[in-house]
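The structure under discussion appears below in the form of structure tokens.
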2 protein chains.
Amino acid sequence: VADPAAAPAGATPAAANLAAATLAGDRRALARLLTRIENGAPEAEAALAALFAHTGRAHLVGITGPPGTGKSSLVSALARVYRQRQASVAIVAVDPSSPFTGGAILGDRIRMRDLAGDPGIFIRSMASRGSLGGLARATADVVRALDAAGFDKILIETVGAGQSEVDIARAALTTVVVEAPGLGDDVQAIKAGLLEVADVLAVNKADLPGAEAAVRALRASLDLASPAARRWAPGDGHHGPPGHAGTPAPPGGAAAAGWAVPIVSTVATEGRGADDLAAALDRHRAYLAATGGLAQRERERLSHELEARLRDQLLEDLTRRLGAEALAGAVERLLAREIDPASMARALAAQLNA
Amino acid sequence: VADPAAAPAGATPAAANLAAATLAGDRRALARLLTRIENGAPEAEAALAALFAHTGRAHLVGITGPPGTGKSSLVSALARVYRQRQASVAIVAVDPSSPFTGGAILGDRIRMRDLAGDPGIFIRSMASRGSLGGLARATADVVRALDAAGFDKILIETVGAGQSEVDIARAALTTVVVEAPGLGDDVQAIKAGLLEVADVLAVNKADLPGAEAAVRALRASLDLASPAARRWAPGDGHHGPPGHAGTPAPPGGAAAAGWAVPIVSTVATEGRGADDLAAALDRHRAYLAATGGLAQRERERLSHELEARLRDQLLEDLTRRLGAEALAGAVERLLAREIDPASMARALAAQLNA
């Protein structure tokens, strides 16, 4: 696909310098690059194109879960464990629900108290800037820049647990779903959908009443939700290991054959269980590496990203071809109920495809 | 835009019958149509095209808010008030976080106890089926079918409060954000982003300690978040009414000039405050009608929908043109780090645009 259109618009010396400085470990250049990514600046795209070849090395860990489970504290505790092991850590706190960065700022304040001043750690908050797709894409690009900048661990934390947050956390290699005892019925309902994306479950606030019951209930839910995973679980004895390189890997989460989702109890505010959590994350990465799952997850992630970018690019191309006025006129015809939206979309798209 | 591509694929006699029966008030035909919409059946699209001219009459009310605020109970209480006034009510319970419909089913069970058997009420649960965009689109189509079927009030309830839920609720004419006292810091953080989409705020569980403080805090947050709205608020005395037909209306929510977001206290489980909430919703609709906001919101909604459909349609067209194998090959090149995703998207899109 050698095409003149493939040359990034912002391929300037400034972009090349930004990429080179980021690769060289210049944190201020990295911060500038991330700001340009968030603002959608053309040189950000060019810099990312230059950095792409240097990505794919970091362990990307997504952390999601319902509000009130103490995700931020757990991310801080995990970061401290990694720092004790001399691993460099980047934390990306994403809040799709807030254009105000309210939650992200809150989390930062807590972390800043004990993590600030350590050059081996880098914290970035991202809030919604209009479209959800825009935030997911910007997050992916920010993570990519941090990956190229050489961080060993990249922790992607989402504030809530809606589908959007789950999608963002799921774009990681390993997804941690954080739960806590006693969150009420509404939250219990939300949990159901979360379980299936979990590679590792953390029951935080494990010192509260009901923690053991929560662990038991989660274990039962996991067994119920993915009998296949249990059937193939190590130690079962009836079946051999299911996955090896070349075999299409399972879609991930609790349904991943061969990987029994561990449940780790933590008290993040005291750092308890953070070591166990780090160990579980290491085991998951090793498991993926041994079974071909690393490449498979990367393939899925890139496929998903390419699709999202194609949607945007095609709409941009169509808007340029037809003009914004033609699209506004189309909306007026919909408003007058002259034609329905699906038929209108088909007709307009056909003009690009002609 | 008269184009052969505009003929819906599923324009069969079956689709025409489904549309006609839905318009005639046949509830079983409506239920069948909604199932076909959720399954993406071709005849659903044809039926929706036929129904589109009959839409735009219902009052679409979105209800969102953090978990634990009692949204389901509030929706039930509101539905009972509407039924006492002889208005027909459709409830669409959307759970983007759960492919299992866990939350939606929970909500239904509560409602079923006292709303079942009433022919003037219709309840539908929708859960995620893979993509988030798919759910938002299916919800819009389900709401449209219910609108054409003649329901006076359509209550669109979301389980959580992530950006996806907010987007879904915001697609309504009037958006209610539900809060409750004492939900903890994490939830407080989520609230910040919700405030700006609220046309009406409901503080549910108003019999709990802290309810009055919650109302005061919300009022202060509203004043802080949208000084413009406060400046233009009725009763202020310094400024005339800002909006009238023909003036571009504000984007909605707390920022809507001239509309002072009311805060209604409710105890949904006892039905307390539901009358006040219904009255606030009526006032908001009347306000929009008087200021040209009705058409403006409908225009925004249709514009957003057309854009989303165009993205899908264009990607579908490109995939058909290039073939799935070419796209898979493109992903392999990304995986090998030969080219970055943005450049690849630009190059592929150029082939459709050629």
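The values are calculated or read from the model by the stated rules, or taken from the named source; none is laboratory data. Only a predicted model underlies this, so the values are computations on that prediction, with no experimental measurement involved. For neighbour counting, all protein chains shown are included, and Cβ atoms are generated from backbone atoms with ideal geometry for every residue, glycine included. Ligands, DNA and RNA are excluded from the accessible area calculation, which covers all protein heavy atoms including side chains. Shrake-Rupley method; radii C 1.70, N 1.55, O 1.52, S 1.80 Å.
General observations
- A residue that is at the interface with chain A (Cβ under 7 Å from one of its Cβ atoms), in a helix (DSSP H, G or I) and more than 19 Å from the chain's Cα centre (by Cα) occurs nowhere in segment B:281-295.
- Which listed residue, of B:Arg311, B:Arg333, is within 34 Å of the chain's Cα centre (by Cα) and not small (Gly, Ala, Ser): B:Arg311
- Being hydroxyl-bearing (Ser, Thr, Tyr) and more than 11 Å from every other protein chain (Cβ to nearest Cβ) is a property that holds for B:Ser76.
- Among the candidates B:Ala254, B:Ala280, B:Ala249, residue that is modelled with pLDDT of 95 or more and among the hydrophobic types (A, V, I, L, M, F, W, C): B:Ala280
- Test: residue in segment B:319-327 that is open to solvent by less than 50 Å² (accessible area, probe 1.4 Å) and at the interface with chain A (Cβ under 7 Å from one of its Cβ atoms): no
- When A:Leu302 is tested against (1) more than 25 Å from A:Gly40 (Cα to Cα); (2) in contact with a helix residue (DSSP H, G or I) (Cβ under 7 Å, 6 or more places away or on another chain), just one condition goes unmet, and that condition is (1).
- Residue check, B:Arg309 open to solvent by less than 40 Å² (accessible area, probe 1.4 Å) and in contact with a Pro (Cβ under 6 Å, 6 or more places away or on another chain): yes
- Screening segment A:328-354 for residues that are part of a helix (DSSP H, G or I) and more than 7 Å from every other protein chain (Cβ to nearest Cβ) and picking the one that is least open to solvent (accessible area, probe 1.4 Å) gives A:Gly329.
- Filter result for A:Thr69 (open to solvent by 20 Å² or more (accessible area, probe 1.4 Å), more than 27 Å from B:Ala336 (Cβ to Cβ) and out of contact with any Phe, Trp or Tyr (no Cβ under 7 Å at 6 or more places or on another chain)): no
- Segment B:276-292 residues that are open to solvent by 20 Å² or more (accessible area, probe 1.4 Å), paired with ones that are assigned to a helix (DSSP H, G or I) (beta carbon under 8 Å, 6 or more apart): B:Arg285/B:Leu294; B:Tyr287/B:Gly293
- Looking only at segment A:47-86, and only at residues there that are free of Cβ contacts under 8 Å to residues at least 60 places away in the same chain and of a type in the set (S, T, N, Q), the one that is farthest from A:Arg272 (Cα to Cα): A:Gln86
- Meets criteria (in a helix (DSSP H, G or I), in contact (Cβ under 8 Å) with a residue 60 or more places away in the chain and away from every other protein chain (no Cβ under 13 Å)) for B:His304: no
- Index of the failed condition, A:Ala90 passing every other in (1) within 14 Å of chain B (Cβ to nearest Cβ); (2) within 27 Å of A:Leu302 (Cα to Cα); (3) modelled with pLDDT of 85 or more; (4) crowded, with 23+ Cβ neighbours inside 10 Å: (1)
- Yes/no for B:Ala116 being surrounded by fewer than 19 Cβ atoms within 10 Å (Cβ to Cβ), modelled with pLDDT under 70 and touching a strand residue (DSSP E or B) at 6+ places or on another chain (Cβ under 9 Å): yes
- Some residue of segment A:45-62 being open to solvent by 60 Å² or more (accessible area, probe 1.4 Å), under 27 Å from B:Glu332 (Cα atoms) and among the hydrophobic types (A, V, I, L, M, F, W, C): yes
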